[in-house]
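Take a look at the structure below.
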């Protein structure tokens, strides 16, 4: 099973964030706004966290290594380590914790809250566009985006479209907006990044999706 060393770093960082959120009660507040019991909330939480370590391979695409001059100087040492494992192809994979679980939970929220599908689609489209415009490919590393752009956009969009159900809509459009705008719409950039593996919702995106969902719900 493909494993990206950066996932371990993301895992540790997200675990630290989880502990911080728990200490201030932010997670409890967010999950209560989504109508989850404590047991269900923490099952979802740890399933997402440990699922972030699992990538399911889909297919490979031919790719090329970018010139070292295209990489920011402070990131070149890290990029060289990535390039050492690059052999002219990039494996496209899907991350369990950062893609599949958010998709399933978003579907659960959509089914269990009186949210019109058209409102959800409009909100997802708006946040996806924002994420695409603010995200940038970093050769050899992945897609980068300011971390609070997506949750703020999701919260504002949800409150504007459906004030009575802004919390679940903020989670749905926030998480799916990141997946679509910063991952799926950026797949064409993968061929020029020299990365051995590109995981949809994986390292570099999982932390963004996790924080987006929680912060968006808190703000909505």
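Readers should treat all values here as calculations from the given coordinates under stated rules, not as data from a laboratory. Predicted model, so just to flag it, every value in this text is computed and none were measured. Counting neighbours? That spans all protein chains shown, and the Cβs are built from the backbone with ideal geometry, glycine included.
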Computed from the beta carbon distance with a Förster radius of 35 Å, FRET efficiency for residue 187 and residue 122 to the nearest 0.05 stands at 0.90
Taking the reciprocal of mean 1/r across every pair of different Cα atoms in the range 124-220, the Kirkwood radius in Å is 13.0 Å
quick shape note, the range 85-156: Cα extents on principal axes in Å, largest first -> 49, 24, 18
Packing-ranked peptide list from 188-196, 111-119, highest mean Cβ count within 10 angstrom first, is 188-196, 111-119
Per the rule of 0.36 nm per residue minus the C-alpha distance, extending residue 104 to residue 61 adds in nm 12.8 nm
